[in-house]
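Everything on this sheet refers to the single structure shown next.
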Amino acid sequence: MKFKPLLAAAVSAGSLFCHAGLPDIAIPRTGASDISAIPENSMARIARFSPPGSSSNMPERTIVSLAYNHDTLFVRALCEDREKEEGRIFLNDDAFQIVIGSGNAGTSEMKFGGYEGAYSKQDKVQHFYEFTCRRSGILSRSYNETPLPEPCFNAQITPLENGWLVAMNIPFAAAGINPAQTPEIFFNAFRFHRNRRYGWFLPAWTPYTPLPFVKARLLSAAENREKTFTDIAAAGQKPRKTSVNTAEKFVFQYYPLQKKLLARFAPSEGKGKIAIKNGSSREVALSAEENTIIQMDVPFSEGTRFTATASKDGKVMKTIQAVVPPYPAWAETRAGEQYLNGKVPSPWKTPEFNDKTVKLAYGQIRFGTTALPDSILACGTEILSGPVRIEAVANGKTVPVLPYSRLAQTGGALLAESRYSCGIEVKTRVEYDGFMIVRLRLNGISAEKLEKLTVRIPVRRELATYILRGLSQNLVTLDQYGYRGDSGEIWLGNAAGGISFDFDRRFFFSPANGRQIEVAFTNEKTAELLLHPVTEKGQIKNPEQVFQFFLRGTPVRSDFIPAPMTRMSLWFENWSDYQGYPDLKKIPEMRKRAEQAHAQGKDFYIYFSQVLAENAPGYDFYQAEWIAPPERAWYKRAYNPGKGVPCRVVCFRGEAGNLILDGVEKCIRSASIDGVYLDGPTVPFSCENPSHSCSDSIDAVWDDSWQSGKILGQRAFLKRLRGIFDEHGRKFPIWAHTGGSLSIATLSLCDFYYDGEQLARYRQGYLLEPEKMLICYSGVPFGFRGIFLPQLYFDKNRGCRAALPWSLVHGIASSGGSILQQCYFESFAKEKGVFYPYWGEQKALGKISSGKALISYWIGENEAMLTASNLRYNGTEKVTLDLSAFFGGKEIQISCLNHPEGFTFNGKILQTEIQEGEMKLFSIRPGKKTEDIIHTQKKETGEKKFFIEKPYQPEHWKTNVKNTASKEFPVKIETKRGHIAGKIEYTGFLPPEFQLTARLRHSGRLKIEVNDVTVLWDGNWVFRNFLDPEIPPSNASKEIPLKNQAVTVKIRVMEQGKIFIDYNGEPLVIRGIPLKASGKKLLAFSTWAGDSLEFDCIEFTDKIDKVVSPVPVHPVHDIQ
C-alpha cells in the first residue's frame, strides 16, 4: 500500500495549520462500532509532531485522526518512515502512543532547582493511561507511566511503502473513563522514532518534566452537527528561536586568573583581531571550517584598568573595559594534585601488571593481540566474551589494528600500546579504578580516507539484560531484537556486572540517525555492543584525527559501604551564605557541629552544588572563568541571607574546581569534616567556556596529561577531592546527588549515590519498576551504595514509610526518617547481618510460591529480617515460603513488624498476602514457636468481662476539670491559657480489642490517647509513638474539619494492638501499630490553652466492625 495517497487524502480532508495558543481538542462522536467504518472526513485530525521544546517537525510525518462512540476512542495514525530496512529491530524501534486521562489532582509545583526542568508544574490530571502500539505489532498499556499486564485495546497494523498505518480501538473503560459522565478528558499523542520521543504537545522533556497534557472535548451528537472540524497541526507550544551551537558563538572575554584575553570566532572567512588600547594586538586569518581562537596575554599588574576590543575585518564586535583584580590564594592551591598521577586513594590500590595483565584492587584487565582488552574482570565477574575489536575501511581496503607492543607504568595508571607500523595505532590507559581511556589514530593513512570505523565490544550474553542511557529513568530491558540509538553514554549489563561506554571530545562523526550505537545478539554466548563513529567517506575532515573513548567494567568495587542514614550528619546548602561557595567564616560553627556528630558516632558532611550564587565573593571578577556556558541559572537561593539570588552552573574543570578544593582542604584541617555532599559536581555538565578546553567540539589529542575534557577533567577534580580526604584517613567521603544523571565514569569515584528526587514529576500511583530500583538507584551493579530519595513516596507524617517496599528489599536506606527502617538497619548492624537479595542466591529460603513478589532477607547471629515486596500492578500476590532452613533448622519464632495480623506460620511454612505497592517485613529469631506465644497471650487476657456501653455511662468516665454538661453533650470541659489541659478519660476495663464510637465538639485543639499512642491536632495532625502508621495523605495536611461543630470519631483497637481511627467518617489512622507496647491501658480525649471539648459515648463494644478497604478504581487491570 502506498503512503503518499493516504497522506494526500488525510491532508485534503482539511487544512493543516499551526494553532496559536493551547487548544481544547474537539473529538467528534460517531455511530460506528469499529474504526474501519469511519470515513476520514468525519474525524478530527492532529499533526506536526515535534522534538521536546521545539516547534520544528520530526523527520518523518505523523498524522492522526480521532473519533469516538459511546464506549470507544477510535484512532488512526499515519506514520511515515522512509528508511528501507528489514528485520525485527527495525520494526521494534518505531511506536505510536495515545495518552488519555481524567480526575483532578490539582496543579502542583516542583521547586527543587539545580537541574534543568526542576522548576516546573504538573497538570491537574490524576489518572492517565498510555496506549502504545509498536510497528512490530506489540501492544502495551500503562497507568501513570507504570506498565500494566493487559493492553485492553486492539489495533491493526498495515505496512505501507514509506511507513505504516495503525488503527486503534481503545475502550474508555480501559482508562477508567465513562464518556457519558466525563465529556472532557486529558489528552496527548506521541511518536517514538529511532528511540527518540516526539510529541504533538511536548514543550519540554527532562528528568524533572511532568508528562504534558491538553484537554479534549468529547462532542455530543448535537454538537457534532454544529461543528465544522478543522485540523490542529500542533498544540501551540511557543516556538523557540532556532538555537545556535554554543560552541560556534562568538566569544570575547578577559580571564584574569589566566592573565589573558581570548576571542572565539565562529567558522567564516576573513581576519579576526584582538587588541588592547594603546597596547599590543594580534590578528589571524579565520577558518571557514571550524572555530578560530585568538589569545593574547594581559601584561598588567593588579589594579590596572584597560580597554580591549575584538574585531572582524576591521569591524569592532565587542569592547571590554576591565581592571586587573587581586590574584586570590585559592587559585594557587595544589590540594590533591598528587592523586592525579601517582598516589591512589582508599579503597583502591596502585595497579600492577604482569605480561599483558593489569591487576586492580577489585578486578583485572588483560590485553590480547592488540592494546585493546580481551578480558575484563570486575569484582569476580568476567564481562567480555572475547577481545574488543576495531574494524576500519579506507579507500576500499581493511585497515589493520597494529599488534600489541608494550605495557608500561605511568604514575597511578598503566598504559598499553599498539604502534610503530602502518595501520591503526591504539593506546589504552588503565586507571586505578579500572577506568580505561582508549585512543585510536591512523598511522601512514590519512583519516580523511576512512569509509568505516566500528568498535565491537563482545559481552557475555547472560549479562546483557539492560541498557542504561545516562539517566536513572532511561533504562531499557532488552529483548531478543537488541537495541539501536544515537551517540551518548551507554551501560550494558545486569546486577552481576556490565560494561560502560562514554566519550568526550569529538568521537562520532556519523549522522545521528538512531544507528550510531547498537546492541546485537551475535550468538547464544555473546551480545555485542557496537559503536559506529564513521559510516561514510567524507565524514572525517582532519587527516590526523584522533578518536578517544572510555570503557569500564562494573561493579567498580566490592568493599562494604555501611548503610548511611543513621551514621551521617549533613549541614545542608544553607551552611554557606553564598550558594555553592566555600564560606570559610563558618568554620567555627562547622567545627562545633562536627564535634557533636562525632560524639554521636556519626560522620559529618557539608554541602556543595554545581551552581554558584551571583553574589558570591569574587563573582564579578572571576565569573568568566567560573561559569560553564551556555549560562544556566538553574536555581534561586532558598535561604537567607541572599534568598532569591540567581545561581548559575559552574565548571569544576576550571578555576571553580580550585575554589572548592582549596575550601574543602581548609574545612578538613580546621573543622574535621568527614566528607562532602555533592549536589551536581559529579555530573560532567557540558561547558563551552573556551578557556577550559573541555568542550565536546574539540578534537582529542594523542599526547596530553589525560586530565582534560568534559569527563576526564571532571574525574581529575574528583580524584583530587577524594585524595584530600584520603590524606586525612576518611574512608567514605563523597556523597553524590545528581538529579538522575548516572555517569558511571565519575560516580565510580564516589561512595554514596543519593537520588529519586526526579520521581516527583510522576503522579501518585506510579510504581517504580523494580528493575529501575535495582539498576538505577541501589548502586548494586556499580559498587557504590544507593540511598533512595523518596520524593514521590514521602509525606511529613509517615516519613519514608511508603518508600520502604522499594528500598528495604534492595538492602538500601531511604531518606526521610522511619522507625521501621531504623529498626531494620540497627538490627542489621548489631547482628552483623549478611544480605541475601532476590536477584542472588538464597540458600536458607525455600520458595514454594511467591508470584511476582520480591523476597530478600538478611541473617545475623540471633535474628534475621525478611522483606517481601509487591512492586507491580499484578494484583495481590500470595506468598508461601519455607523457612525451615533458617538458623540451621532450629525452631524459630516470627513476627511481622508492619502488619502483625497479616500472616500464618506453622513453625516451617510462612503464608501471607501482599497488596500492590506494599511490603511485609518479618523478624525471624530462633526460639519458641509462634503459636505457643499467641496461645499464652490469649490465656492472659481472659481475666475480666467487658460490658457493651450504650449510651454514655458516667461511672466509667472521669474529668480532671469541672464538667459543665449540656443537653446535647453529657460531658463538657473548658480550659484556660496557662492552666492544665482538660482531659476526659475512660476508667472502666479496657479489653485487648474494642470499638468506641463517640461524638465530639471542640473549639480548636484536640488530643486522642489510645493505650501507648497519641493523635493530636494543634494546627496540623501529629502522631506519636506509632511504628509508621498509615495516614491517608488527604488527612495529613488539610485543616481539621467541622471546628466547633459535632463530629463522629470511631476508634477500633484490634488484634495485636492494631489501631484504626476515623474522624468525621474519614480514615485518620489505618493499622497504627505502637512503637513500644508497654501494656498501658488508656483511652482519653483532651484539650488545652483556652479551648473547650464536649463529648458523648454513642457505643462502646468488643464487637468490632469489619474494616473494609475501599477498592481503588485505578488502575484498571482488565475489562470485560
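Details
- Viscosity 0.890 mPa s, 25 °C: Kirkwood-radius Stokes-Einstein D of the stretch 296-337 over Cα pairs, µm²/s: 190
- Cα-based values for the stretch 858-918, radius of gyration first and Dmax second, are 12.5, 37 Å.
- Radius 14 Å from Cβ of R461, net charge of other residues (Lys, Arg +1; Asp, Glu -1): -3
- The phi torsions of the stretch 769-780, fed into the Karplus equation with coefficients 6.51, -1.76 and 1.60 and a -60° offset, translate into couplings of 4, x, 5, 6, 4, 5, 7, 9, 10, 6, x, 4 Hz, rounded to whole numbers, with Gly and Pro shown as x.
- Take the Kirkwood radius over Cα pairs of the stretch 470-540, plug it into Stokes-Einstein at 4 °C and 1.567 mPa s, and you get 97 µm²/s for translational diffusion.
- Residues T738, T975, ranked from the fewest to the most other C-beta atoms within 10 Å, line up as T975, T738.
- Amide H contacts of D1096 (H built 1.01 Å from N, under 5 Å, at least 5 apart or other chain): R999
- Near the amide H of E769, within less than 5 Å, lie no amide hydrogens of residues on another chain or at least 5 residues away, with H placed in the peptide plane.
- Dividing the C-alpha radius of gyration of the stretch 785-853 by 2.2 N^0.38 Å, with N its residue count, gives 1.23.
- Per-bin percent of Cα-Cα distances, the stretch 568-807 [5 Å]: 1, 6, 13, 16, 18, 18, 14, 8, 4, 1, 0, 0
- Cβ-placed point charges (K, R +1; D, E -1), dipole of the stretch 817-940 about Cα centre in debye, nearest 20: 200
- Extreme residue, positive dipole direction of the chain, given options I540, L415, Y753 (C-beta unit charges): Y753
- Counted by Cβ distance under 10 Å from K271, the other residues give a net charge of -1, where Lys and Arg count +1 and Asp and Glu count -1.
- Residue exposure sequence - D696, D504 - by fewest surrounding Cβ within 10 Å: D696, D504
- Treating each Cα of the chain as one equal point scatterer and applying the Debye formula with no solvent, the log10 of I(q)/I(0) at q = 0.05, 0.06, 0.09 Å⁻¹ comes out as -0.40, -0.58, -1.26.
- Of every Cα-Cα pair in the stretch 352-554, the percent that sits beyond 28 Å: 24
- Just so you know, the Rg over Rh for the stretch 817-940 is 0.95, from Cα atoms, with Rh as the Kirkwood radius.
- Under the Debye formula (equal points on every Cα, no solvent term), log10 I(q)/I(0) of the stretch 954-1101 at q = 0.09 Å⁻¹: -0.25
- Of the residues S280, H1117, P1074, the one whose Cα sits farthest toward the positive end of the charge dipole of the chain, with +1 on the Cβ of Lys and Arg and -1 on the Cβ of Asp and Glu, is S280.
- Helix-only [θ]222 nm of the chain, DSSP H runs n ≥ 4, -39500 (n - 2.57) each, per residue, nearest 500: -3000 deg cm²/dmol
- Taking every DSSP bridge with both residues inside the chain, close to 90 percent are antiparallel.
- Listing K427, K950 from fewest to most neighbouring C-beta atoms within 10 Å gives K950, K427.
- The convex hull defined by the C-alpha atoms of the stretch 606-721 has an orientation-averaged projected area of 7.7 nm².
- Each residue of the stretch 525-531 was assigned a 3J(HN,Hα) from its phi angle through the Karplus expression (A = 6.51, B = -1.76, C = 1.60, θ = phi - 60°), giving 10, 9, 10, 9, 8, 10, 10 Hz with x at Gly and Pro.
- Remark: the chain carries a charge dipole of roughly 1200 debye about the Cα centre, counting +1 on each Lys and Arg Cβ and -1 on each Asp and Glu Cβ.
- Fraction of alpha-carbon pairs over 17 Å apart in the stretch 372-466 - percent: 57
- Globularity index of the stretch 649-717 is 1.24 (Cα radius of gyration / 2.2 N^0.38 Å, N = number of residues).
- Under the Karplus curve 6.51 cos²θ - 1.76 cosθ + 1.60, θ = phi - 60°, whole-Hz ³J(HN,Hα) for the stretch 301-317, x wherever Gly or Pro sits: 8, 4, x, 6, 9, 8, 10, 9, 10, 10, 9, 10, 6, x, 9, 5, 9
Bear in mind these aren't lab numbers, they're just calculated from the coordinates by the rules spelled out. Just so we're clear, the structure is a prediction, and the values are computed from it rather than from any experiment. We place every Cβ from the backbone using ideal geometry, glycine too, and count neighbours over all the protein chains shown.
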